[in-house]
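The values are calculated or read from the model by the stated rules, or taken from the named source; none is laboratory data. On a predicted model such as this, the values are computed, not experimentally measured, just so you know. A quick note on method: Cβ atoms are made from the backbone with ideal geometry, for glycine too, and the neighbour counts reach across all protein chains shown.
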Amino acid sequence: MPSDVDDSARIVDSTVGRSEVREHVTVHDSEIGDGCRIYERSSIKKSHVSDSADINAGTYVENAEIGPNVQIGPNCSVVGVTHELSEEGMTFREDVFDRIVLHEGVFLGANAVVSPGVEIGEGSVVSAGATVSRDVGPEKIVLGSPPRQRIADLDEWLDR
């Protein structure tokens, strides 16, 4: 399968394997593997996307390691960039990079947010709209956002 990159996509200082890149996608300083599908109006910067990953429409990914067979729902934010915060406030225009890792088979529901430096284990699921601000082990499900967030074993949750 050759790459299928839409004419409106912008690929800058990046490599794209045999993958599909849809309309108005931007890819900067990144590597996209084979068999990936990058949907409309997504942006990927300073990241590595392994084979057979799907990144849905309107998603922003920066400074992340995306494992194989990962599915990211629409309008997600996977952003491994933050800023120093001191008593004087945020340091303007001085990004601090803290890489995000999504291991093989991770699924992020629509509108999920993954905070800088977070690692999500193999086969874990993040529910739609959840915010993940700490590491998640393999085969877990993340429901909701802090402070009332619940993280459960995926098998136990499916058996209820």
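Residues of region 42-54 that are part of a strand (DSSP E or B) and over 15 Å from Asp6 (Cα atoms): Ile44, Lys45, His48, Val49, Asp54. In this structure, is Glu84 under 10 Å from the mean Cα position of the chain (by Cα) and not in a loop (DSSP other than H, G, I, E, B)? Criteria not met by Glu84. Considering only residues of region 145-157 that are in contact with a strand residue (DSSP E or B) (Cβ under 6 Å, 6 or more places away or on another chain) and over 19 Å from Gly105 (Cα atoms), which is surrounded by the fewest Cβ atoms within 10 Å (Cβ to Cβ)? Looking at residues that are in contact with a strand residue (DSSP E or B) (Cβ under 6 Å, 6 or more places away or on another chain) and over 19 Å from Gly105 (Cα atoms), I get Arg150.
Screening Arg93 against (1) in contact (Cβ under 8 Å) with a residue 12 or more places away in the chain; (2) basic (Lys, Arg); (3) not in a loop (DSSP other than H, G, I, E, B) leaves a single unmet condition, (1).
If the requirement is being aliphatic (A, V, I, L, M) and farther than 19 Å from Gly144 by Cβ, which of these qualifies: Val125, Val81, Val106, Val118? Checking each option against the conditions leaves just Val81. The set of residues from region 104-114 being surrounded by 21 or more Cβ atoms within 10 Å (Cβ to Cβ) and part of a loop (DSSP other than H, G, I, E, B) comprises Val106, Ala112.
Here Thr131, Thr82, Thr59 are screened, and the one residue that is more than 25 Å from Ser14 (Cβ to Cβ) and of a type outside the set (Phe, Trp, Tyr) is Thr131. Being in a loop (DSSP other than H, G, I, E, B), over 15 Å from the mean Cα position of the chain (by Cα) and of a type outside the set (D, E, K, R): is that true of Gly35 here? So Gly35 passes the test.
Residues considered: Asp54, Asp95. Of these, the only one that is under 17 Å from Ser30 (Cβ atoms), charged (D, E, K, R) and at pLDDT below 95 is Asp95. When the residues of region 115-155 are filtered to those that are in contact with a Leu (Cβ under 6 Å, 6 or more places away or on another chain) and part of a loop (DSSP other than H, G, I, E, B), the one that is farthest from Glu65 (Cα to Cα) is Ser127. Quick one: how many residues across region 125-139 are touching a helix residue (DSSP H, G or I) at 6+ places or on another chain (Cβ under 7 Å) and either surrounded by fewer than 19 Cβ atoms within 10 Å (Cβ to Cβ) or small (Gly, Ala, Ser) (or both)? Count: 1. With respect to the conditions (1) at positive phi; (2) surrounded by fewer than 18 Cβ atoms within 10 Å (Cβ to Cβ); (3) at pLDDT 95 or above, Asn75 falls short on a single one, namely (2). Restricting region 48-81 to residues that are within 19 Å of Gly121 (Cβ to Cβ) and among the hydroxyl-bearing types (Ser, Thr, Tyr), the residue that is farthest from the chain's Cα centre (by Cα) is Ser52.
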